[in-house]
Structure formats: C-alpha cells, structure tokens
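Worksheet for the structure shown next.
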Amino acid sequence: MVDTMRAQRFYADSKTIAVEDVSIPEPGPGEVLVKVAFCGICHSDLSLINGTFPAFLPVVTQGHETSGTIAKLGPDVTGWKEGDRVVVAAGRPCMTCANCRRGDVTNCLAIALMAFAYDGGWAEYTVAQAFGLTRVPDNVPLEQAAILADAVSTPFGAVVRTGKVGIGESVGVWGVGGVGTHIVQLARLVGAVPVIAVDIKAEVLERATELGADYAFDARDDQLAQKISEVTDGRRLDVAFDAVGLKSTFEQALDNLTVGGRLVAVGMSAESPSVGPTSMFGLTQKHVLGHLGYQNVDIGTLATLVSTGRLDISRSISDVVSLEDVAVGIDKLDRQDGNPIRILVEP
C-alpha cells in the first residue's frame, strides 16, 4: 500500500475546500482502516462550509455517511477481518463523561462527530472504531449502505425512538428531501396512517406519494389545515416531523397537531420559531421534541430491512460524483439541482 491518499480538506479560516494528497492514517488499538467505497453529502456538510455550524478543527476531512471494506486491523481488534463490508458510525463516544462511565455510551455527553471533530469519509481511506462498525449484508449495495449512517438512520431514530410513532397514528412530514423522504417511508413501514407529505415543490410531492405518502400537500396552500383535518377525520396529526427547521415549517407543523400531539424537530437552521402563548400550548398539551442522530444498532436494523426487501431505498441515490468532483456534488445539493435525496462521493 502506498503511503498517501487523496482526501477532501475543509479549511475553517477561509471556509474553502480542496482535494489533496495526505498521509493514509494508521489504525490504533481497537480501530480499523476502512477503504471507502461511498460517502454521502449531507446538508450538515454544507452547514460547516457556509458557517451555519461552527468549526471544531482548523482543517478536517468532511463526510460522515461512509461505507467500505476493512483494509487493515489495528491492535486488539477481534471479530473483524480484512475485506469485511461495513458501515462506519458517524460519532465516537468520549468514554470519560458521566454517562459513558455508567455504560450509557449512546447518550455520551461529549460525543465527537465524524467530519467535524475528526476526519471523515470524503477520502480514499478513513479510520473507525471497530465497536462502532456495522456489517453490510452481501445483497445490500454499498452505495445504499452508506446512507444508512445518517440519511436513513436519523429518520429511523426520529420515527421510532423520539416520535414513537404507533400503528394507526396520523403523521405529517414537512420537507420531503433527503431526510423527509425516509421519514415518510419509515412512518408507513411502522404502520402510520395516513402519512401526509408537505412541501413547496410539485415534483417533490409527486415523488413522496410514489414512495409511500398517502397524501401530498403544498405548504403554501391556504387550505392546508382544512385538508389535513379532512383526511384525518377532523383529528389532525398525532405526530408531525419538521425536516426543514425553518420558523415557518416548525410553526405550521405545530399548528396542525391534535390535542396531545407530538412535533419532532429534525431539520436545523439559525431561525427561532415560537410555540405561541404558553396558555394555549399548555391547554393543547402538545409536545415539542428535538431529535439528532441515531443509535448504532439502528444501522444494523435498517441493513436487515433493506436486505430482506422490507425497505426500498434504491431511489434514494440521486447522483454519484468522484472525489475530485466533490465540489460539484456540494453545489448540486446546495442548489437542489434535480431535487436530490442523496448525492454520494465515490473516491
């Protein structure tokens, strides 16, 4: 193996990126070196570049939705071998905080996020903790496996863990792009009915119905609330998901909840929505829940669902660009060129 590899590098001081030759990292104890097959481009990657998210490091390799094969085992790694097909977890628990010391690493108080606090997967190789890997079934394409590490697992966590969507509950999804599309699919998979997609683009709404939404409504429609009420027999929504994170989407989703309904905020922005008068908020007994990420076990669950044909994410790969053209992929996502669900980098 040569000593260097190609990798994208983000420079925090100038907010610029470059694809450069860097040293191939060496896996330490409990770590493996992964040869990257595919790595997704996520809106959070754009948020680091445009300054919405603060930089943790002066220079870092981005990309946190990574699939590939194990190229080298570090010391003390067991249960894995070179050539194994894997998905890399997008975070590392600190192992020293109060929660980690009690064994609750899922709720680490100081988790380090891949592509922000340490180098990510927009590179030919990346280092990962062995205990955070998920094995990819042979019949699951590695390009689909890559997006399980956030674009599908974060919606899974939102639907199953935070939103706790039950069979027969009515669900609305504001914004049906990369995250919202999978919320629609997973809400339907767990038995929600009806599942309602809300967006401002006709072609996106049409796609949402093809992928599982029972109804698709324009967020700008003056009759939106009435339409949601009609298709839910006057109850409105048990659970609403805001996959955009704007003041307008948050408040519109909240307004369309039934008494005791749950709003799960998944999308992020710098905007500050309101829950309205505290008197009305209390009287309607609504719940507002913030959501971020997933548990590593969720990736394995999703891989099984894809492997067995229960979950079809084949249409979620909108485009694939080379590592050298990562800037092209970033620009396509930023401009929403073709309304992509996920664009992948293939080193």
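The values are calculated or read from the model by the stated rules, or taken from the named source; none is laboratory data. These numbers were taken from a predicted model, which means no experiment stands behind them. Using ideal geometry, Cβ is built from the backbone for each residue, glycine included, and neighbour counts are taken over all protein chains shown. Only protein heavy atoms, including side chains, enter the accessible area calculation; ligands, DNA and RNA are left aside. Shrake-Rupley method; radii C 1.70, N 1.55, O 1.52, S 1.80 Å.
Laid out as a table, the results:
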quantity: Candidate aspartates and glutamates - alpha carbon under 20 Å from Lys164, same-chain residues fewer than 8 apart omitted; calculated: Asp150, Asp214, Asp238, Asp242, Asp255, Asp298
quantity: Among 155-165, 219-229, 23-33, the order from most to least packed when residues are scored by Cβ within 10 Å on average; calculated: 155-165, 23-33, 219-229
quantity: In Å², nearest 10: area of Phe53 left accessible to a 1.4 Å probe; calculated: 60 Å²
quantity: Anisotropy class of region 1-121 from Cα gyration tensor, a/c 1.5 cut; calculated: oblate
quantity: Dipole magnitude of the chain about its Cα centre (Cβ charges: Lys, Arg +1; Asp, Glu -1), debye to nearest 20; calculated: 980 debye
quantity: Shape call, region 158-301: gyration tensor on alpha carbons, a/c limit 1.5; calculated: rounded
quantity: Phi to ³J(HN,Hα) by Karplus 6.51 cos²θ - 1.76 cosθ + 1.60 over region 292-305, Hz, x for Gly, Pro; calculated: 8, x, 6, 9, 4, 4, 5, 4, x, 4, 5, 4, 5, 4
quantity: Net charge contributed by nearby residues that have their C-beta within less than 15 Å of Tyr294 (K/R +1, D/E -1); calculated: 0
quantity: Accessible area (Å², 1.4 Å probe, nearest 10) - His64; calculated: 10 Å²
quantity: Lysines whose Cα lies under 21 Å from that of Lys81, excluding same-chain neighbours fewer than 8 positions away; calculated: Lys35, Lys72
quantity: For the chain: accessible area per residue (Å², 1.4 Å); calculated: 44 Å²
quantity: For the chain, calculated [θ]222 nm from helices alone, where every DSSP H run of n ≥ 4 adds -39500 (n - 2.57); calculated: -6500 deg cm²/dmol
quantity: Packing-based order for 208-214, 270-276, 339-345, 303-309, using average beta carbon neighbours within 10 Å, highest first; calculated: 339-345, 208-214, 303-309, 270-276
quantity: Entries in Lys201/Lys227; Lys227/Lys332; Lys286/Lys332; Lys227/Lys286 that, when Cα-Cα distance is taken, lie over 26 Å; calculated: Lys227/Lys332; Lys286/Lys332
